[in-house]
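Each remark here refers to the structure printed beneath this line.
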Amino acid sequence: MSKYQRHEIDKILQEMRSDYWRNLEEVEESDGHVGTEYLTVRVRGTRYGLPAAVCREVLRMPTLVRVPRLPEYLRGIFNLRGEIVAVTDIGPLLGQGAQQIHEDCRLIIVEEGAMKTALVVGAVEGLTRVEEDLVEPLAEGAGAGARDLIAGKMVRGEYLLVLLDIKKLLARPELVIDQKQRSDDSA
């Protein structure tokens, strides 16, 4: 098999994966309600929902390689089957401070377009289907530092699920490392 053929197969498989996850994101039930699947996780005691369509896999905490002079929310890097992936602690980005990393923590590999990172979470609880009509906006003043990262919330009795907008998280300028700018700074 030539290198070109292998590249085409990889491209087709990636497109199929993207279509699969995109179709999982919105499911219409027979009663006409449209809902979205969220991976429910805990970060510093708060329950968050990550859109299942951008979550690729859940991993146990590997050995991380620390990189000097990175901000507190970039905890290091690791090798994921030959690909170097940055590990992002969303605690500081959500205004909660850095999480204590221990062996019970999990990494959620999230990918949107060309951006991929591993999010550190304290625990993974499972998948939750959220119907669009149950999503409420945050109250004024809530989530002050991270309001742009929050798509809304769902409340069922005592159960509160804060829904994160991963597309906005991955689009944040502080998560994009500009190699040209870094080399200009060191010159």
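The values are calculated or read from the model by the stated rules, or taken from the named source; none is laboratory data. Note that the coordinates shown come from a computational prediction; the quantities given were computed from them, not determined experimentally. Heads up, the Cβs are rebuilt from the backbone with ideal geometry, glycines too, and the neighbour counts pull from every protein chain shown.
Per-structure values
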{"read-out": "Residue among GLY76, GLY45 that alone is more than 22 Å from LYS168 (Cα to Cα) and not acidic (Asp, Glu)", "value": "GLY45"}
{"read-out": "Selection count where residues are within 19 Å of LEU39 (Cβ to Cβ) and not in a strand (DSSP E or B), scope the range 92-112", "value": "6"}
{"read-out": "Pairs, first within 18 Å of PRO92 (Cα to Cα) and at pLDDT below 90 in the range 60-81, second part of a loop (DSSP other than H, G, I, E, B) and not β-branched (Val, Ile, Thr), C-beta under 6 Å, six or more apart", "value": "GLU72/ALA98"}
{"read-out": "Residues satisfying the stated conditions in the range 56-74, i.e. closer than 10 Å to ALA118 by Cβ and of a type in the set (Asp, Glu)", "value": "GLU57"}
{"read-out": "Residue that is modelled with the lowest pLDDT, among those in the range 25-59 that are in contact with a helix residue (DSSP H, G or I) (Cβ under 7 Å, 6 or more places away or on another chain) and among the aliphatic types (A, V, I, L, M)", "value": "VAL34"}
{"read-out": "Matching residues in the range 163-185 - criterion: being at pLDDT 75 or above and out of contact with any Gly (no Cβ under 7 Å at 6 or more places or on another chain)", "value": "ASP165, ILE166, LYS167, LYS168, LEU169, LEU170, ALA171, ARG172"}
{"read-out": "Hits in the range 42-91 - residues which are part of a strand (DSSP E or B), hydroxyl-bearing (Ser, Thr, Tyr) and surrounded by fewer than 16 Cβ atoms within 10 Å (Cβ to Cβ)", "value": "THR46"}
